[in-house]
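The values are calculated or read from the model by the stated rules, or taken from the named source; none is laboratory data. Quick caveat, the model's predicted, so the values are computed rather than measured. Positions of Cβ are backbone-derived with ideal geometry, glycine not excepted, and every protein chain shown enters the neighbour counts. Heads up: the accessible areas ignore ligands, DNA and RNA and are worked out on the full protein's heavy atoms, side chains in. Shrake-Rupley method; radii C 1.70, N 1.55, O 1.52, S 1.80 Å.
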Amino acid sequence: MIKNWKVTAHLLSPLCGDAPFIDSLLEYELSMRLGMKHARKLTRNVSLSEIKRPPIPLAQRTICGHDVYCCSDPILGEVKAEWSDHQSKRFDTDLSALMLHPLHRKKLLTSSGPYKSRFVPLRIRLIDKICWFVRGDRKEINKLLKKIPSLGHLRNVGYGIIGGWEYEEQEEDNSIFAMHQGKKVLMKTMPIEAVKDWYGFRHSYGGAFPPYWHPDTFMEIAIPC
C-alpha cells in the first residue's frame, strides 16, 4: 500500500563522502537483481532512452513536464565528528624490477592509468543515521533495502556499514516539499523551473534524476539547503 514514510538507515561506521539518493539505491539494487546491470553496461556514452528503467516501488509525480520520484534528498543525523582521511596507492617500480630477470623488464606508464600513484583526500563524518522522506510501498522498499549492507564511498574498506533500517509512517507527504509557515520548502533536488515560488534551496547545475551521474540528466537544478 502506498503511504508516506520516513526511512532511516542506522550506521555502524563513519560515512565516507556524501550520502546517496534513495531512488538511486533502489534502482541500482533492483537492476542488479533483474540482471539489467549485467545485460547491458550503462556508460556516459549510452543514451538513457536506450536503457530500460527498473520499476522501483516509489510514487511518481509530473512537475513542469518532468517525472520525478516522491523521495527527499538524504538528511544526515547529528555529525559527532568530521575529519579528512586519504586513499593512497603507489606502485614501486624500482623495487619490483629487482624481482624480474633483466630480459623480462620493461617500462611502465606511471603518470596515468592503473599504475598511477594516488593520494586522494576523503571527507569522513561520524553520524548515527541517515533519513529520507518517501511516498511508496513499504513492503517492497524494504525487500530491496534490507540487502544493502553499506552506503557512501569506499564501502569495501568498512565505511558506511548499515546496522538496520527503520520505517515510520508520516501524516504529511514531505518527499518533495514541506510546508513551513505557509511556504513550500524544497526537500528534493528538482529542475530549477519547477521551484520558482518555493524556498530553502540553492541554484546549481547537475543531475536532476537517477542516474544522477549521467549527462542526459544534467540541467539547472535547485538543491535543498
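Of the strands (runs of 3 or more DSSP E) lying entirely inside segment 1-118, those containing at least 1 residues that are farther than 21 Å from H153 by Cβ and of a type in the set (S, T, N, Q) span 2-11, 60-63.
There is no residue in segment 116-133 that is hydroxyl-bearing (S, T, Y) and surrounded by 12 or more Cβ atoms within 10 Å (Cβ to Cβ). Evaluating G65 against the criteria (1) more than 22 Å from S175 (Cβ to Cβ); (2) modelled with pLDDT under 90 leaves one unmet condition, (1).
Kindly establish whether Q60 is touching a residue at least 60 places away in the same chain (Cβ under 8 Å) and open to solvent by 50 Å² or more (accessible area, probe 1.4 Å). For Q60, the condition - touching a residue at least 60 places away in the same chain (Cβ under 8 Å) and open to solvent by 50 Å² or more (accessible area, probe 1.4 Å) - is not met.
Sort through S150, S112 and tell me the only one that's farther than 22 Å from Y212 by Cα and either under 23 Å from the mean Cα position of the chain (by Cα) or modelled with pLDDT under 90 (or both). It would help to see each step written out before you state the result.
Values: S150 fails: farther than 22 Å from Y212 by Cα.
Just one listed residue meets the conditions, S112.
Could you say whether any residue in segment 67-84 is among the small types (G, A, S), open to solvent by 80 Å² or more (accessible area, probe 1.4 Å) and under 30 Å from I124 (Cβ atoms)? Steps first, please.
Within segment 67-84, the subset among the small types (G, A, S) is 72, 77, 81, 84.
Narrowing further to those that are open to solvent by 80 Å² or more (accessible area, probe 1.4 Å): 84.
Next cut, under 30 Å from I124 (Cβ atoms) only: 84.
Checking segment 67-84: at least one residue is among the small types (G, A, S), open to solvent by 80 Å² or more (accessible area, probe 1.4 Å) and under 30 Å from I124 (Cβ atoms).
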